[in-house]
Amino acid sequence: MAARTQQRYQVRFAWGIGGAARIAPDTHLIVWIDVLPATAAAKATVHGDRTQRALRAVTAQLPDGPEVVLGHLGNARAIAERVTRLQAERGDRCVVAIVAAGRHHAPGDDAAEAAGETADVPDAPDFAVEDLLAAGAVVDALAEVGIDHTSPEAAAACAAYTGLRRAVRHLVSASEAAAALGPEAVHAALAAGGELVTLRESTRRA
């Protein structure tokens, strides 16, 4: 049987729910990256209650078992600190799946999410520069604490972030997703703090 994609690596990266299904089942931590949530329900979570309906619906679709945290451009260091704590608790390495939400354009998505419904088969997300850069920031923060056994996909996201570090805020503000949201929501997203936000505790038995 062929090895699961990216299985040999400690730090992995993929896009969307489908990507999470490929890279996350044997991991210990999933980092869900969604810098500029696209729907009205999700917008409220940028600075408010991050366990609202939109994020709960997403979390329910992620592979069961690993702890799930929310990642964005402001909390990469907190995520790296969480990984180092998990490694200390386990006495072994912590395998991390970084999953970028991307952009979704399937008809009816907004109405379904507002009603608390999830699609049986999630649509493949479009590329989102803001999520790529935030994922790269997490990979870079992990490397800074010595966790650098990264997949090629994760390494490429990291290179995008480090190479464009000085232009990140401009690139995000000028992105397609930002144009759809408007400046107030984008400013709030970019001002998100450095705290760790846990969306789901690990469901694995000790």
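The values are calculated or read from the model by the stated rules, or taken from the named source; none is laboratory data. Computed from a predicted model, the values in this text were never measured in an experiment. No Cβ is skipped: glycine too gets one built from the backbone with ideal geometry, and neighbour counts run over all protein chains shown. Surface accessibility is based on the protein's heavy atoms, side chains included, excluding ligands, DNA and RNA. Shrake-Rupley method; radii C 1.70, N 1.55, O 1.52, S 1.80 Å.
Residue ranking by accessible heavy-atom surface, 1.4 Å probe, largest first, among R82, R166 comes out as R166, R82. Within the shell of other residues whose beta carbon sits under 12 angstrom from the beta carbon of V145, the net charge comes to -1, with Lys and Arg scored +1 and Asp and Glu -1. Amide H contacts under 5 Å for I33: G71, V99, A100, A101, restricted to partners 5 or more places along the chain or on a different chain, H placed in the peptide plane at 1.01 Å from N.
Amide hydrogen proximity for L199: with H placed 1.01 Å from N in the peptide plane, the residues at 5 or more positions away or on another chain lying under 5 Å are V68, V69, L70. A simple spin-label model places the labels of Q61 and R169 3.2 nm from each other, with each point 7 Å out along Cα-to-Cβ. Working note: Karplus 6.51/-1.76/1.60 with θ = phi - 60° gives segment 74-84 the couplings x, 10, 4, 5, 4, 5, 4, 5, 5, 5, 5 Hz, where Gly and Pro are set to x.
Ordering of 178-184, 158-164, 19-25 by packing is 19-25, 158-164, 178-184, highest average first (other Cβ atoms within 10 Å, averaged per residue).
For segment 144-204, pairs of C-alpha atoms spaced more than 18 angstrom apart make up 59 percent of the total.
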